[in-house]
Amino acid sequence: MLTSMLKGTYNQSMDAKGRMAFPAKLREIIGERFVVTKGLDGCLFVYSLEEFEVRAEKIKALPMAKARNLQRTFMANAVEVEADKQGRILIPQNLRAIADLEKEIVVAGVSDRCEIWDKQKWDELNESVDDEMMMNALEELDF
């Protein structure tokens, strides 16, 4: 399990080959090799190898009737990536298409994982979350 919490947002660019610099601060926590897979709400999820294994075991333990679609999307789209000497990773074309990634992207640290977003989608998501929504969520946590 991760000992440090992943946090922060980082604006990045993706080149025509699908390479992007993955933030050094986040690599310090999750390592130079990690797993990228289909996420929710139009983003990609990024897990350390260890965190991904924990989730894979939980999915594997589910009955086939409950797990088959999760296995087909979360597991089948998972790819292990490794940062090169410049800290860049290659996002495969199928995952770029899933998240509509082109040039401007955002990498967000969100607790136990990172998310990779198309910048416009990220901005729209943040604009859609108003103070009342945040207050309701915070009150449930006794903030």
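Restricting to the range 110-123, name every residue that is buried (at least 21 other Cβ atoms within 10 Å of the Cβ) and among the aliphatic types (A, V, I, L, M). Listed by number, the list holds a single entry, Ile116.
Candidates are the residues of the range 12-30 that are of a type outside the set (A, V, I, L, M) and touching a strand residue (DSSP E or B) at 6+ places or on another chain (Cβ under 6 Å); the one that is nearest to Ala83 (Cα to Cα) is Phe22.
Exactly one of (1) modelled with pLDDT under 95; (2) of a type in the set (A, V, I, L, M); (3) open to solvent by less than 50 Å² (accessible area, probe 1.4 Å) is unmet by Ala65. Its number? The failed condition is (3). Take the conditions at pLDDT below 95, more than 16 Å from the chain's Cα centre (by Cα) and within 19 Å of Lys7 (Cα to Cα) and apply them to Val110. Does it pass? No; evaluated as a whole, the condition is false for this residue. Report yes if Ser48 is more than 20 Å from Ile98 (Cβ to Cβ), touching a residue at least 24 places away in the same chain (Cβ under 8 Å) and buried (at least 18 other Cβ atoms within 10 Å of the Cβ), otherwise no. Yes, satisfied.
This table checks each residue for (1) farther than 17 Å from Met20 by Cα; (2) not small (Gly, Ala, Ser).
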residue	(1), (2)
Glu80	no, yes
Ala108	no, no
Lys119	no, yes
Leu125	yes, yes
Glu139	yes, yes
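The strands (runs of 3 or more DSSP E) found wholly in the range 1-77 and carrying at least 3 residues that are under 30 Å from Glu124 (Cα atoms) and under 13 Å from the mean Cα position of the chain (by Cα) occupy 6-13, 33-38, 44-48. Scanning the range 6-44 for residues that are touching a residue at least 40 places away in the same chain (Cβ under 8 Å) and loosely packed, with under 11 Cβ neighbours inside 10 Å yields Lys17, Ala24, Asp41. State whether one or more residues within the range 87-109 are assigned to a strand (DSSP E or B), in contact (Cβ under 8 Å) with a residue 24 or more places away in the chain, open to solvent by less than 60 Å² (accessible area, probe 1.4 Å) and touching a Gly at 6+ places or on another chain (Cβ under 6 Å). Yes, the range 87-109 has at least one match.
The values are calculated or read from the model by the stated rules, or taken from the named source; none is laboratory data. Computed from a predicted model, the values in this text were never measured in an experiment. Reconstructed Cβ throughout: ideal geometry from the backbone, glycine too, with neighbour counts over all protein chains shown. Please note that ligands, DNA and RNA were not included when accessible areas were found on the heavy atoms of the full protein model with its side chains. Shrake-Rupley method; radii C 1.70, N 1.55, O 1.52, S 1.80 Å.
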